[in-house]
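Notes for the one structure printed next.
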Amino acid sequence: MLRNACSKFVSMFAAAALALLLAPAPAQAQAPRNKVVFQVSDDNPQKWTLALNNAKNLQDDLGSDLVDLEIVVYGPGIGMLKSDSPVGTRVADALKNGVKVVACENTMSAQQLAYKDMLPKIGYVPAGVVELMKKQQEGYSYIRP
Amino acid sequence: MLRNACSKFVSMFAAAALALLLAPAPAQAQAPRNKVVFQVSDDNPQKWTLALNNAKNLQDDLGSDLVDLEIVVYGPGIGMLKSDSPVGTRVADALKNGVKVVACENTMSAQQLAYKDMLPKIGYVPAGVVELMKKQQEGYSYIRP
Amino acid sequence: MLRNACSKFVSMFAAAALALLLAPAPAQAQAPRNKVVFQVSDDNPQKWTLALNNAKNLQDDLGSDLVDLEIVVYGPGIGMLKSDSPVGTRVADALKNGVKVVACENTMSAQQLAYKDMLPKIGYVPAGVVELMKKQQEGYSYIRP
């Protein structure tokens, strides 16, 4: 019985050791997935263009399949995503290339903007600033052009 | 004796296994505490208002008990926290709602500002830029309005 | 034989336990190395001065040996690193003090700038925005003056 108990225990230990060996390594030991969130909160079309250029450069350099990009637009920057945006064509290109572009519904509400006032195919988040926090919590790098 | 040794060993192993199970999971597996640090370094009252709006939105959306917020004011932004600040009332509201608001003593010294020249109840840090680094090291997300 | 198996096993277990104890602690338990990356992307010499002041403050407060600093200059900020930069002397001082200062080659190419048009001894990166992402992935705090 003792022999059985001990040998059963050895098996248990071996299983536990194997589980430890197969466990995922701590995050800092892995090559991080490339993820960048851009903040656009200035009422300045040059900043909007810079954000779009930055996103394009990241895709060109890293390969668009290898980087997750999101542009969060809120506050005084919201004009970037209105129907009459001077960078509307470039936003459409970014969306087509897989960049996520989202508008802040808090801002829209404060400025009495409806979805029909905005560029087509963009996304929406309840609060831009909460989205910027969450993305950083998920390991996104932050860039404010 | 062998029985004793082996059974004592089984107990030790069980205790070790239990300790492993009860050990805190690596950080990436836990829901992160919501923490955001804001940088205010522009001499622009609209930016000051935006920072205060952003802080309020975070508290409204997440619940003020569930998010740690700190606004670090330095360099050309220091006017936000001077006694005659155009956003003084809003800073007082933020402080009352649990937002930490700190002024950079390096900047105050460079601009010959004393504590009596500043809004009441704010906090102070020796160097705003060091504070911004430390907060990010502590897992705070960074927002620069 | 059983005694042998069991005592060999005890040794194995002790070795495993020791290995666990000696294993590096998860990153969040260690004091992080002080590392800060600065973004300079504004065509505004006051911002350039602020970035250089911020870097100097970090070195003064933490000790220049105890903090890794990098200033990434790109887009409309590139004038900071051109030969005729109004902050050329201060950039030279920063370089001498161990601050890494790099220009974005994407931006240089877009503005038809050659290496000979730039300040001496600065560094170069293929894309400023990729560098900003990589540094954050390496644990650098991000400051945008």
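The values are calculated or read from the model by the stated rules, or taken from the named source; none is laboratory data. The structure presented is a predicted model; accordingly, all values stated were derived computationally and were not measured. Cβ sites come from the backbone with ideal geometry, for glycine too, and all protein chains shown count toward neighbours. Ligands, DNA and RNA are excluded from the accessible area calculation, which covers all protein heavy atoms including side chains. Shrake-Rupley method; radii C 1.70, N 1.55, O 1.52, S 1.80 Å.
Before moving on, here are some points about what is shown:
- Exercise: per-residue mean of other protein chain Cβ atoms within 10 Å, A:133-141: 6
- Remark on C:Lys35: its backbone amide H falls under 5 Å from those of C:Asp68, C:Ser141, a criterion applied only to residues 5 or more positions apart or on other chains, H modelled at 1.01 Å from N.
- Beyond 16 Å, the tail of the calculated P(r) for the range A:36-91 holds 39 percent of the Cα pairs.
- Rounded to the nearest 10 square angstrom, B:Glu138 shows an accessible area of 100 square angstrom against a 1.4 Å probe.
- Couplings 3J(HN,Hα) for the range B:36-41, derived from phi with the Karplus relation 6.51 cos²θ - 1.76 cosθ + 1.60 (θ = phi - 60°), are 9, 10, 9, 9, 10, 9 Hz, where x marks Gly and Pro.
- Other protein chain Cβ atoms within 10 Å, averaged over every residue that makes up C:33-42: 3
- Positive minus negative residues near A:Tyr74 (Lys, Arg vs Asp, Glu; Cβ under 11 Å): -3
- Net charge of the neighbourhood of A:Asp65, taken over other residues with C-beta under 15 Å away and scored Lys/Arg +1, Asp/Glu -1, is +2.
- The share of accessible area on the range B:53-115 that comes from carbon and sulfur is 46 percent, using a 1.4 angstrom probe.
- Descending Cα extents along the principal axes, the range C:74-125, whole Å: 30, 20, 19
- Average beta-carbon neighbours from other chains, 10 Å sphere, peptide C:52-63: 4
- Interface between chains B and A: roughly 2000 Å² of accessible area buried, both sides summed (probe 1.4 Å, protein heavy atoms only).
- Integer Hz, Karplus 6.51/-1.76/1.60 couplings in order for the range B:82-98, x for Gly and Pro: 6, 3, 8, 4, x, 10, x, 5, 5, 4, 4, 4, 4, 4, 4, 7, x
- Of the trypsin sites (Lys or Arg not before Pro) found in the range B:85-131, those in coil by DSSP whose Cβ has at most 13 other Cβ atoms within 10 Å are B:Lys121.
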